[in-house]
Amino acid sequence: MAKIIRSQRASTSSVRSAPKKKPAKAARLLPKRGAKKAAKKAAKRTVKPKPWTSEEVYEAFDRFRKANPEPKGELEHLNPYTLLVAVVLSAQATDAGVNKATRALFAVADTPEKMLELGEDRVRDYIKTIGLYRNKAKNVIALSQKLIAEFGGEVPRTRAEIESLPGAGRKTANVVLNMAFGEHTMAVDTHVFRVGNRTGLAPGKTPLEVELGLEKVIPTEFMLHAHHWLILHGRYTCLARGPRCDVCLINDLCRWPEKTV
Ligand code: SF4
């Protein structure tokens, strides 16, 4: 009997103290699948890119200018008022989608007065292919009323006044001031935000940070068109997914660690 107990204890302790089998040396040296890649990516992310020199910024915009001396926005409009309406309608929508709806709308209503005559229900019908169209139709009518009541039916020329209009924010004011009145403003949409951050030209956590950063580094002589160059660059070259770094005009200057050239 005593013999049996001894042999049971021995067997339990042998299980507890059995040394864990070590993986072969070669296997221990191999990183876990994907770990090496992830570590490399994380390291890249934590390295702050070197800021652009003023010569590099000049060079980049000089190349943009040579490639496209007179860049144009893609939102169709007939005058400052229709530009304002188009920008208000473009929130969370594509320029192409907005143009499709506004071609017919602006043919019948290209002033605040005509828009009010048309009325909210009909405006809604014209723009129903655009996201958030119910709210946007309300805003178009309300901003038209305010333009007539407070600004003599004209689009005002200051940022604060434009921002006071229903549906218009800082980006709208910047686009209108730049495109309708030739001011050196920088409207930051999703494309400009991405390009500013990726390239390292003006990194920022918010559109306002990127806007102010870009205004600080871009030489005055490029500011009238800088907004369009950056939008077009983001829309057609520095795409959100799969940026076309191989054909990018500024690929040697870009600071993005993940650029593909
Ligand atoms: S190199 Fe690539 S990531 Fe950098 S700006 Fe050009 S397209 Fe964008």
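The values are calculated or read from the model by the stated rules, or taken from the named source; none is laboratory data. Since we're looking at a predicted model, the values are computed, not measured. FYI the Cβ positions are ideal-geometry reconstructions off the backbone, even for glycines, and counts take in every protein chain you see.
Worth a mention:
- Cβ-Cβ distances below 7 Å connect the following pairs, each with a first residue in the range 109-121 that is farther than 16 Å from Ala86 by Cα, a second residue that is among the small types (Gly, Ala, Ser) and part of a loop (DSSP other than H, G, I, E, B), and a separation of six or more residues or different chains: Glu113/Gly153; Leu118/Ala109.
- Enumeration of residues in the range 240-261 that are within 7 Å of the ligand (Cβ to nearest atom) and more than 10 Å from Arg198 (Cα to Cα): Pro243, Arg244, Cys245, Cys248, Ile250, Asn251, Thr260, Val261
- Boolean, Leu232 is within 13 Å of the ligand (Cβ to nearest atom), in contact (Cβ under 8 Å) with a residue 24 or more places away in the chain and crowded, with 22+ Cβ neighbours inside 10 Å: no
- Residues that are touching a Gly at 6+ places or on another chain (Cβ under 7 Å) and more than 12 Å from the ligand (Cβ to nearest atom), drawn from the range 193-202: Ala202
- The selection criterion, being in contact with a helix residue (DSSP H, G or I) (Cβ under 9 Å, 6 or more places away or on another chain), modelled with pLDDT of 95 or more and surrounded by fewer than 14 Cβ atoms within 10 Å (Cβ to Cβ), does not hold for Lys138.
- Total residues in the range 98-119, condition under 32 Å from the mean Cα position of the chain (by Cα) and either among the hydrophobic types (A, V, I, L, M, F, W, C) or over 11 Å from Leu78 (Cβ atoms) (or both): 11
For (1) touching a residue at least 12 places away in the same chain (Cβ under 8 Å); (2) part of a loop (DSSP other than H, G, I, E, B); (3) surrounded by fewer than 18 Cβ atoms within 10 Å (Cβ to Cβ); (4) under 10 Å from the mean Cα position of the chain (by Cα), each residue gets a yes or a no:
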site: His184; (1), (2), (3), (4): yes, yes, yes, no
site: Ala202; (1), (2), (3), (4): yes, yes, no, no
site: Met223; (1), (2), (3), (4): yes, no, yes, no
site: His228; (1), (2), (3), (4): yes, no, no, no
site: Gly242; (1), (2), (3), (4): no, yes, yes, no
site: Ile250; (1), (2), (3), (4): yes, yes, no, no
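- A Cβ distance below 6 Å, combined with a sequence gap of six or more or placement on separate chains, defines the contacts here; from the range 57-80, residues that are within 24 Å of Val98 (Cα to Cα) reach residues that are surrounded by 15 or more Cβ atoms within 10 Å (Cβ to Cβ) and of a type in the set (S, T, N, Q) in the pairs Glu76/Asn99.
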